[in-house]
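Below is one structure, written out as structure tokens; comments come after it.
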Amino acid sequence: MSTSSLRRVLLALALMACGAGAASAQSDLGGQRAGTSSGSFLRIGVGARSTGMGESFVAVANDPSAIFWNPAGLASLLRREVAISHVEWPAEIGYEHVTLVVPTQKLGGSFGLQFGVLSTRLDETTELQPYGTGRSFVYSDMVAGAAYARRWTDKLLVGFGLKYVREDLGSDVGGPTTSAVLFDVGSIYYLGLGSVRIATSLSNFGSEFKPSGEYISPYSGERRIFDGYDPPMMFRYGVAFEPVENAHHRVTAAIEVNQPADNQQLLKAGGEWSWDRRFMLRSGYNFTADDLNFSAGAGFALDLSGTRGQLDYAYTDGGFLGAIHRVSLGVRF
């Protein structure tokens, strides 16, 4: 990248950061909408590589986790890939996610399939038995879906996805279940200035989560209709580029803005250094979050007989929640 091009990229990044800061200052009221959506597990980032970069990944999105961050990125995958991700969340909550990507020449793009499950076991409590009833139940969330992406031009990638989401809110002890069908859409555009690309994505757009039937109070017998809650819709936009890229070293820098439907804006930035595409170090920061703001990680890749395997780890500082650990395993064949 030439010096003049680099200056224009840095100016664009500065303007983007300033614009995001001004917009955030005007939208602090968004924080008052916190807690007004359902399916909140859909906010948990998928993939140790992307979260190691501070979740600044909408314009990077060049591995199977793109199905979560920006489905358009699936079009950049030219070989079959499978990725398995595990997140160890606080309070003994585990989240497992699997993605399979299959390129197809006939349709000129790539298909992606995903399946994820978050689950934990809780002790049942009631108003009259706040220390427990002696019973426990499983709380679980599930997402299953498909996505398709293709290159519309040599500079533009476009993708979209469809997914089914289900929440089990303690059906073992009479709790409700909810479900919804949600949509994702995204794009990545290369500006023609070195590797600079800009990207946008809209995730979790669809119908509200509303339990069927009605609630009957075990004390008064009163009957009530369940309320419905919107999904955690998220709009992302950002920019990424490689300020250093040669035979042995590659540095990726990214910055993005997130606008959730039920909270204030978030400004994130991250980077990744790669040596011979075999060893990677990453770090990122969420500038507007009270917790879960600093992330770091590393990865190691190995090629063997035409198959490439990659192991990634990410650490996120959860503040008073404690450390959050993620591990991902990917295979390209």
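Rule-based calculations on the coordinates, nothing more; no lab input. Predicted model, so just to flag it, every value in this text is computed and none were measured. Every residue, glycine as well, gets a Cβ built from its backbone with ideal geometry; the counts of neighbours run over all protein chains shown.
Look at Ala83 and say whether it is in contact with a Leu (Cβ under 6 Å, 6 or more places away or on another chain), over 30 Å from Val173 (Cβ atoms) and either buried (at least 24 other Cβ atoms within 10 Å of the Cβ) or among the polar types (S, T, N, Q) (or both). Write out each step before concluding.
Details: in contact with a Leu (Cβ under 6 Å, 6 or more places away or on another chain): no; over 30 Å from Val173 (Cβ atoms): yes; either buried (at least 24 other Cβ atoms within 10 Å of the Cβ) or among the polar types (S, T, N, Q) (or both): yes.
Considered against the rule, which asks whether it is in contact with a Leu (Cβ under 6 Å, 6 or more places away or on another chain), over 30 Å from Val173 (Cβ atoms) and either buried (at least 24 other Cβ atoms within 10 Å of the Cβ) or among the polar types (S, T, N, Q) (or both), Ala83 comes out as no.
Could you list, in sequence order, the residues of the stretch 54-72 that are touching a strand residue (DSSP E or B) at 6+ places or on another chain (Cβ under 6 Å) and not acidic (Asp, Glu)?
So in the stretch 54-72, the residues touching a strand residue (DSSP E or B) at 6+ places or on another chain (Cβ under 6 Å) come out as 54-56, 58-60, 64, 67, 70-72.
Once the filter is applied, which keeps residues that are touching a strand residue (DSSP E or B) at 6+ places or on another chain (Cβ under 6 Å) and not acidic (Asp, Glu), the stretch 54-72 yields Gly54, Ser56, Val58, Ala59, Val60, Pro64, Ile67, Asn70, Pro71, Ala72.
With the structure loaded, tell me whether Tyr131 is among the aromatic types (Phe, Trp, Tyr) and not in a loop (DSSP other than H, G, I, E, B) or whether it fails that test.
no
Just checking, does the stretch 294-307 include any residue being aliphatic (A, V, I, L, M), surrounded by fewer than 20 Cβ atoms within 10 Å (Cβ to Cβ) and closer than 26 Å to Ser187 by Cα?
The answer is no, given that none of the residues of the stretch 294-307 is aliphatic (A, V, I, L, M), surrounded by fewer than 20 Cβ atoms within 10 Å (Cβ to Cβ) and closer than 26 Å to Ser187 by Cα.
Taking into account only those residues within the stretch 319-333 that are surrounded by fewer than 19 Cβ atoms within 10 Å (Cβ to Cβ) and in contact with an Asp or Glu (Cβ under 6 Å, 6 or more places away or on another chain), which is nearest to Glu96 (Cα to Cα)?
His325
Exactly one of (1) touching a residue at least 60 places away in the same chain (Cβ under 8 Å); (2) under 30 Å from Arg166 (Cβ atoms) is unmet by Ala240. Its number?
(2)
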